[in-house]
Each structure stands twice: as C-alpha cells, then as structure tokens.
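Visitor: One structure, pasted below without further comment.
Coordinate-derived values only; no laboratory data. Note that this is a predicted model, so its numbers are computed, not measured. Cβ placement follows ideal geometry from the backbone for every residue including glycine, while neighbour counts extend to all protein chains displayed.
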C-alpha cells in the first residue's frame, strides 16, 4: 500500500516521505479499512516532533494519522460488528505509534469504529472523529446544560466548532472566542462571538457581568482569562494546558470509543452537527497539511484523501 511515514522524530517535515509499505496485519477484533479520508490534527505533527515520546512508544517507520473514514475490506477473527462493504469512521489511536491512517489501508479495533452517517461526505466524516470526540468529552466533563453559560476559547477551530454545535444542541448559552474574520462564522455555529486577544476578559465580563459558569479551552495560554471570567463554583477544562489542574480544572484527553463516536454520527444524521472542511490534501502533500495545521489559523478541518 502507499502511505506517508517518517523514520525518525523531527521538529519539521524533513523526515516525511510517501511510498510503498507493507499492508497492515489484521488481528482479532479488528477491521481492515480502505481509507477514503483522514483528518489532520495538531497531535499528528506533535507526535512526529517527539512531543509525546515519554507517553507513547513510537516504532519506526511511523505512519501518522489518528482519524479515518473508509470502507471495511476485511476483518480479523471474532469481529461480528461489521461486514465487508460497511462504511465506517474511527478515532484510530493505538497504544503504539506506528500504523496510522495517512495510508491506503489501516487496521482498526472494531469497538473504536462507528458507522459513517449518510449526512456527511467522506471528507467530513474523516475530519470528525478526534476533534469531535474531544469536544464531546470536554462538554461531558463540564456537564453543561440549559442553565450554563459556556465560554469556548478557540471557537472557530476544529474542536471548538464542534463544541459550539454540541453545546448549542444541549441548550447552553455559548460565548465563543475567535479572530475578527471568523466572527460571522462562529455566530452561525450558534455562539455569541467575541474577538480574542488583549482585553478579552473585560469583553466577556461586559457580556456576562456575573461570570460564565463553564470554560472549555481549545487554544491554550488562556488560564488567566479563564480564572478572571469564571463565576464562583464554575468548572473549566483544557485540552492544551495541563496547568489548569493546579487551579481546579481538568486537562482532558479523548479516548477511542465507537459508542461515543456514534453519538456524534447521530447528531450529524439529525442535522445538528456539520463538519467544516477547510482544505484537502493527497498523501504526497501531508507536509503542507502539517504546515497549515501549525499555523493555527485554519477554520474547520484539514483532511488527507489517499
């Protein structure tokens, strides 16, 4: 199969290459998926830089990528959940960093898969799993509901955009930070937009004088603002800043979970959740996709299409 890989950690794209690699082995409880689309996430190039080496074992050559949408073309023993021809999507992170989704084929645990919703095309489905499930896990940790006012840092990004839509479906009032060019976009998702940067805490306090009851940080570097606008007894989480744990918050990591992914699929089928795809890239241009992700200015999702 054709795949993108790197043979050593690097802070840039210098070790990336695209070529032929052996087809993946398919073990018990796994399905073999022909990749139609695979979302790009910041963790992909952070892992490539060695940033998670103390947490996850990397075995070279590494095929990056943790998101996938595609067709089941084979299955290992004892895999009754899916059949050849089924259209699925998954957050396909494994315990060992090696066999990722920026390839023509990938083996995925069946319990990590959900059926692709017909409401999403391949690129949308490929961009949903990791970011969508991160947003869902954060909102579940915050336990937000109709009585809450939620501040989302980074509301126009991949995770933030999903969080706005999920929180909107739960009846939450949402304040979403973004750049000036994305104000209309964030408002369209269902949030009250506010420009990030200097004076953000004052702007939020003008909107919510008594403070917000919950904060989800998808941008990082926002702890001071979070604490300044959080009402007494409020809850806060971050996916980018572990120091929130020292201030009563939770640092959230998402787990592969087909059942939770199916919840997002149901929202999509009901028209309550859509996926903004910013740009697609063939395998040969994964480096460009990483560069675009590093810029932190992308609205929506970047997707690789083998």
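Visitor: Taking the alpha-carbon centroid of each part, what is the distance from region 23-71 to region 284-302 in angstrom?
Guide: 17
Visitor: State the three equivalent ellipsoid semi-axes of the chain, derived from the C-alpha gyration tensor as the square roots of 5 times its eigenvalues, in descending order and whole Å.
Guide: 33, 21, 17
Visitor: Additional query: Between residue 266 and residue 7, what is the spin-label point distance in nm, taking each point 7 Å from the Cα along the Cα→C-beta axis?
Guide: 4.8
Visitor: Which value in nm describes the separation of the simple spin-label points at residue 253 and residue 141, placed 7 Å from the Cα toward the beta carbon?
Guide: Distance between the two pseudo-spin positions: 1.1 nm.
Visitor: Which ordering of 120, 200, 227 is given by a fewest-first count of other beta-carbon atoms within 10 Å?
Guide: Starting with the residue having the fewest Cβ neighbours, the order is 227, 200, 120.
Visitor: Largest first and to the nearest Å, give the Cα extent of region 1-155 along each principal axis.
Guide: 53, 40, 26
Visitor: Further question: Using r as the Cβ-Cβ distance of residue 208 and residue 95, and R0 as 35 Å, what FRET efficiency do you calculate, to the nearest 0.05?
Guide: E(calc), rounded to 0.05, equals 0.25.
Visitor: Still on this structure, please answer the following. Using a 10 Å cut-off around each Cβ, can you sort 43, 4, 84 from fewest to most neighbouring Cβ atoms?
Guide: By the 10 Å Cβ count, ascending: 84, 43, 4.
Visitor: Please list, short to long, the whole-number percent of alpha-carbon pairs of region 131-251 in consecutive 5 angstrom bins beginning at zero.
Guide: 2, 13, 26, 27, 22, 8, 1
Visitor: Right, here's the next one. Please determine, in degrees from 0 to 90 and to the nearest 10, the orientation of helix 158-169 with respect to the longest principal axis defined by the Cα atoms of the chain, where the helix direction is its Cα long axis.
Guide: Between the helix axis and the principal axis of the chain, the angle is about 60 degrees.
Visitor: Within a 10 angstrom radius of the beta carbon, how do 113, 138, 18 rank from fewest other beta carbons to most?
Guide: The order, fewest Cβ neighbours first, is 18, 113, 138.
Visitor: Kirkwood hydrodynamic radius, region 189-256, all distinct C-alpha pairs: what's the number in Å?
Guide: With all distinct Cα pairs of region 189-256 included, I get 12.6 Å.
Visitor: Based on the mean of other Cβ atoms within 10 Å per residue, sort peptides 150-163, 56-69, 279-292 so the most packed one is first. Before the final figure, lay out the partial values.
Guide: Values: 150-163: 28.9, 56-69: 20.6, 279-292: 17.9.
Peptide ranking by packing, descending: 150-163, 56-69, 279-292.
Visitor: Taking just the C-alpha trace of region 97-194, give me its Rg and Dmax in Å.
Guide: 15.4, 46
Visitor: Suppose only helical runs count, i.e. DSSP H with n ≥ 4. What mean residue ellipticity at 222 nm does that imply for the chain under -39500 (n - 2.57) per run, divided by all residues and rounded to the nearest 500 deg cm²/dmol? Walk me through the numbers on the way to the answer.
Guide: Numbers: 9 runs with 82 residues, N = 306.
Calculated at 222 nm, the ellipticity per residue is -7500 deg cm²/dmol.
Visitor: Now for a different question. Under a plain spin-label model, where a point goes 7 Å from the Cα along Cα-to-Cβ, how far apart in nm are residue 198 and residue 15?
Guide: Modelled inter-label distance: 4.0 nm.
Visitor: On to the next question. In the chain, what % of DSSP beta bridges are antiparallel (nearest 5)?
Guide: 55
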